[in-house]
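Written out below as structure tokens is the structure these notes cover.
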Amino acid sequence: MNATSAPNGVTHGLSVSVVVYRPDSALLARTMASLAAACAAVRAKHPDFAASFCLVDNGGLPDVSAELAALREHGVANSVVSGHGNVGYGRGHNLAIQHAESRYHLVLNPDIDLDEHALVAALDFFAEHPDVGLLSPCIGDDEGQIQYLCRRYPTVLDLFVRGFLPASVRRLFARRLARYEMRDLINERDVVWDPPIVSGCFMLFRTDVLKQLAGFDDRYFLYFEDYDLSLRTHDTARIAYAPSVRVMHHGGGAARKGHAHIRMFSASAFKFFNRFGWKWV
């Protein structure tokens, strides 16, 4: 492993990890720029706030030296971890989590834009609710619509319908999918307490809770590692959906990414149901 500018031995307010494999350069640059702005907003309110950023390169990382320099200019120490190959999403984040010496740790996708005040709102929420160990934000899409990424426990049918059927057929299951996606509770106004599952594209933890859970289960190469970690978190701390924390997500579904992703999705789903229990319909 190679690392640059690593904040070794520094205890700070926030650590952030992003895992990439052949990332979209423009989206990654936007993610890093939005993180720099969000950290700057926190520092404007809390001048002693310190943050670090760990970029885990599972392969194909483009030149991001300018973006890393911009983060440092905003007071965000950063490191690049590389040379380990494509070890998967959860195991990649664990490489950063195991070295985190922060109060909070943010698991972040390389296709997320943070609102400038997202971290200010998140840290305020944690301060007001000391029993919360994991926070999930209000996640929007490119059209400004909410992405309903909080979940109730899935059935095999839910996953098949949502992930693989064409839109014209999915409409026949609209009520079922709405329940699975918690559309009856998730909105832009109300806090939702203890959603069963939250999205791995933005998971903000108290670091001590995350370490107690030993991070992600690295038996999942890709997909369902966030489902697994969400369900295990309930045994340790409360989870909250906090709509005052706003981000934009540019991601897509597994079925739209080709056969390799469908195979990985299916393999991870099998592991997930074997561990937590099968529900078919």
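Every number here is computed from the coordinates shown, using simple stated rules; none is lab data. This is a predicted model, so every value here is computed, not measured. We place every Cβ from the backbone using ideal geometry, glycine too, and count neighbours over all the protein chains shown.
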- Looking only at region 265-281, which residues have a backbone nitrogen under 13 Å from a spot 7 Å from the Cα of PHE160 in the C-beta direction? 279-281
- If the chain between ARG152 and ALA33 were fully extended at 0.36 nm per residue, the gain over the current Cα-Cα distance would be 39.6 nm
- Query: Under a 5 Å amide H to amide H cut-off, with H placed in plane at 1.01 Å, what residues pair with VAL16 once short-range neighbours are removed?
  - Reply: SER52, PHE53, CYS54, LEU106
- Task: Note down, for the chain, the three equivalent ellipsoid semi-axes (square root of 5 times each alpha carbon gyration tensor eigenvalue), biggest first, whole angstrom.
- Result: 29, 21, 18
- Any idea what Rg and Dmax come out to for region 149-281 if you just take the C-alpha atoms, in Å? 15.0, 45
- ARG179-SER65 FRET efficiency (beta carbon distance; Förster radius 51 Å; 0.05 resolution): 0.65
- Query: When DSSP beta bridges are limited to those with both residues in region 8-146, what percentage is antiparallel, rounded to the nearest 5?
  - Reply: 5 percent
- Task: Report, for the chain, the % of DSSP beta bridges that are antiparallel, rounded to 5.
- Result: 35 percent
- Item | Förster-model FRET efficiency, 35 Å R0, HIS234 and GLU73, C-beta, rounded to 0.05 | 0.35
- Taking the Cα atoms only, what angle lies between the long axis of helix 25-45 and the longest principal axis of the chain, rounded to 10 degrees? 60 degrees
- By how many degrees, 0 to 90 and rounded to 10, does the Cα axis of helix 259-276 deviate from the longest principal axis of the chain? 80 degrees
